[in-house]
Each structure stands twice: as C-alpha cells, then as structure tokens.
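Q: Sharing a structure below in structure tokens format, with a few things to ask.
The values are calculated or read from the model by the stated rules, or taken from the named source; none is laboratory data. Fair warning: this is a prediction, and the values are worked out from it, not measured in the lab. Here the Cβ positions follow ideal geometry from the backbone for every residue, glycine too, while neighbour counts run over all protein chains shown.
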Amino acid sequence: MAARPGGMKRFYVVLGVVAVIGLGALWYQLSRPATASIPANVTIQPSDTAGFRGYIKGSASAPVEITEYADYQCPFCQTFATLQMPTIEERLIKTGRLRWRYRDFPLQQHQYSRLAAHSAACADEQGKYWDQHQRIYDGQSEWAGSSDAAKLFRRYAGEAGLDLDRYDACMRAGKYAGRIQASYDEGVRVGVTSTPTLLVGGRLYQGRFDSDAITRLVDSLAPRTASAR
Amino acid sequence: MIYRMGAALMSLLGLFVSAYLYLYKIGRIGTLACGSGGCETVQTSPWSRIAGVEVALIGVIGYALLFVLAMLALQPALASRRWPADLLSALAAGGVLFTAYLTWLELFVIHAICRWCVGSAVIIVTVLVLALLARRRAPEPRAT
C-alpha cells in the first residue's frame, strides 16, 4: 500500500508547486488596490430607500418637476448632461420654474454604470453629489474605455475636494448598491426601457432632447407669467 | 495511494478557491474575476451567510480539514489503514451535500451563478470520488 519514496517525492513537488501558485495568486489579489465593484440585484433594505427619491436640483416650490432616468455610461445621457443641462439649469432650474430629479438607471450592458452611480452616491455623502456627477459625465470618454474606471472616479473625487478615506470606505463597502438597485427597479416599474428617459407629469419621454424642447415642455406645463418673460 | 494524493491536491485547490471568495467577502479583494457578475450577486446575497457565518469561511474550514486528513492518510503509519479513507469519504460527502444545497439556492432562489462556486462544486465532487476510490483500495478492517 505504501507509495514508493520516488512517488511521494514527486507528489510533494507537485503539492509544493500548487501551493506556491495558489499563495502567489492570493498574494497578488491582496496587493492590488481594492477597487470596488458594485453588485447588481442586491436585496434592497428599507434603509436604502428611506427618505430618498433621487438627487434633486432646484426649488421645492418649482411648478414643474422632471425626473430623469439615466446611465452614466450611456453616450446620449453624456451629451445631454454636458451640452443641454447647463442651459436648462440657467434657463429653468435657477429661475425656479423647474425642479430636476436624477435617478440612476444603470443598463446591464455598461460595465461601469453602477460603479459610476455609486461613486456619485459616495460623493453625495460629503455634499458633493453634483460636482462628482458632472465630472463623471465630463470624463466619460476617459473612463468608459479604461481598464480601471474606479481609479479615475477616485481621482475626480479628490479633485472635487472629497475626503478620500471616507470615499474609499464608502466605495469598498458598496454602501449604496441597494439605493441604486431601488432606483433601477423604480424605473422598470414606471416603464423605462432606455436612457435617458424623462418622466414629466406621469408621462415618459424617451430619446434625445435638447434644452429648447425641455423649455417648450416646461412652458406648456407652467406658462410663464408676464413678469417672468 | 494515488487517490489519497489526488484528494490532497484537490482539497488544497479547493482551499485556495474558498480563501479567494472569503477574502472578497471580508473586503480584502475589491473585485472577483468572474466575467458574468453572477459571483458578486451570489456573494452579496443574504444566503452568503448561514447562521451568521460566511459560507466562504465554511468552505475554507472544510477544505482545510479535508487537506489535513488526506495528508495524514498518506503518512506511512496510516497509508495501509482504511479508516482515514472512510473519514475522508464521509467529510467529502457532507461537502457535496452542502454544495448541492448552495447550487440549488443559486439556480432557484438567487437566480445567479458564481463560476468560482461551480469550480468549488467540481472540486468537492472530485474529492469525494477520489476518497471513495481510496476507500475501495484500502484493505477491509481485520476482525479481532
């Protein structure tokens, strides 16, 4: 029954090789920077949605509210955020005519959408949501094709003046994965199938929009008073 | 002996797989090399803990026990004894049953498949087959 000494020796050599490879692989994984990845389909806890229904920009008394369901990695959302939103903000949001509600709708085919949404959520914790939101959209061409988008989001967070220790802890914990999933689920419930989609007064508008179309829409829902013209 | 050697090698492999999943679970590894995203769904689901214990940690302990037992079974004093192979078979059979339950959860409750868990399932089934073969090879206990 006992193995020949030569056989045992060969076995210990193979065992040693497997051990070295296995330990080496684990050591390599541990030595890499712990870039976060944000899981999909997480179980949503009540605390994920308590008191939170999107990121809001504009006055609480604005007569019109638009909810945008968007994906940070979607090119149309990027064009909309960088080219149209600044005008919408100047013309409608800052003048108190429109309140903007942003909801995450990360599409499955986009590798970094959830990570981007989570990075912005972690910035929100430090009161810098819109800075990070805009920086992520501005840098879409830079991070969408990179091998480590988390590193770039972290750089943006640093540029926005976030406390990076708090940001890292938030990202590592995947603290807002449930909130993002809840936002996505809400979009599915109201009928969102693509991004960007706008929800205005119970109606969905899908496709490409420009600031003029949004202005006309707001005008039709809440005509300007003579003094506001 | 070859089957006991095989069981030891496969247990060591399983130990590394479950250690990798456990290190991810406790936040020491940022992302899992998975491809489909199913690993993270499974690893962050409520079923990734049983009675407050991480499933991956149960895997680490189980594979470590299997490895130690298979190595003991190879030692000259025990190489011709049957009981180490019996014990190895019993422990591996428990592992296979536990893995079957976890695979059922993945398929019908979580609706996501973790490739590393599939890898672990293949490993534990292989350990059981090798342990059973080692058991067949070992002589029957002599009546006293």
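Q: Is there a residue being β-branched (Val, Ile, Thr), surrounded by fewer than 21 Cβ atoms within 10 Å (Cβ to Cβ), out of contact with any Phe, Trp or Tyr (no Cβ under 9 Å at 6 or more places or on another chain) and at pLDDT below 90 anywhere in region A:207-223?
A: Scanning region A:207-223, I find no residue that is β-branched (Val, Ile, Thr), surrounded by fewer than 21 Cβ atoms within 10 Å (Cβ to Cβ), out of contact with any Phe, Trp or Tyr (no Cβ under 9 Å at 6 or more places or on another chain) and at pLDDT below 90, so the answer is no.
Q: Write out, first by first residue and then by second, each pair whose Cβ atoms fall under 6 Å of each other, whose residues are 6+ apart or on separate chains, and whose first residue, in region A:1-27, is closer than 22 Å to B:Arg28 by Cβ and of a type in the set (Val, Ile, Thr) while the second is part of a loop (DSSP other than H, G, I, E, B) and modelled with pLDDT under 90.
A: Listed by first residue and then by second, the contacts come to nothing, as the list is empty.
Q: Select the helices (runs of 4 or more DSSP H) contained entirely in region A:82-157, then report the ones holding at least 2 residues which are farther than 24 Å from A:Gly178 by Cα and out of contact with any Lys or Arg (no Cβ under 8 Å at 6 or more places or on another chain).
A: So the answer is A:85-88, A:140-143.
Q: Ok, one more. Return yes or no: is B:Leu12 crowded, with 16+ Cβ neighbours inside 10 Å and either at pLDDT below 95 or at the interface with another protein chain (Cβ under 8 Å from one of its Cβ atoms) (or both)?
A: Considered against the rule, which asks whether it is crowded, with 16+ Cβ neighbours inside 10 Å and either at pLDDT below 95 or at the interface with another protein chain (Cβ under 8 Å from one of its Cβ atoms) (or both), B:Leu12 comes out as yes.
Q: Go over the candidates B:Ala73, B:Ala85, B:Ala7, B:Ala92 one by one and state the one that is crowded, with 16+ Cβ neighbours inside 10 Å, more than 10 Å from chain A (Cβ to nearest Cβ), in contact (Cβ under 8 Å) with a residue 60 or more places away in the chain and in contact with a Pro (Cβ under 9 Å, 6 or more places away or on another chain).
A: Residue meeting the stated conditions: B:Ala73.
Q: Is it the case that region B:60-68 has a residue that's farther than 21 Å from A:Gly22 by Cβ and surrounded by fewer than 15 Cβ atoms within 10 Å (Cβ to Cβ)?
A: no
Q: Is it the case that A:Gln126 is in contact with a helix residue (DSSP H, G or I) (Cβ under 8 Å, 6 or more places away or on another chain), within 22 Å of A:Gly51 (Cβ to Cβ) and crowded, with 19+ Cβ neighbours inside 10 Å?
A: no
Q: Something else about it: Being of a type in the set (A, V, I, L, M, F, W, C) and within 14 Å of chain B (Cβ to nearest Cβ) is the filter here, so list the residues in region A:169-227 that pass it.
A: Within region A:169-227, A:Ala169, A:Cys170, A:Met171, A:Ala173, A:Ala177, A:Ile180 meet the criteria.
For every residue, the table says whether it meets (1) aromatic (Phe, Trp, Tyr); (2) surrounded by fewer than 16 Cβ atoms within 10 Å (Cβ to Cβ); (3) at pLDDT 90 or above.
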site	(1), (2), (3)
A:Ala3	no, no, no
A:Gly7	no, yes, no
A:Val14	no, yes, yes
A:Val20	no, yes, yes
A:Ala36	no, no, no
A:Val42	no, no, no
A:Pro46	no, yes, no
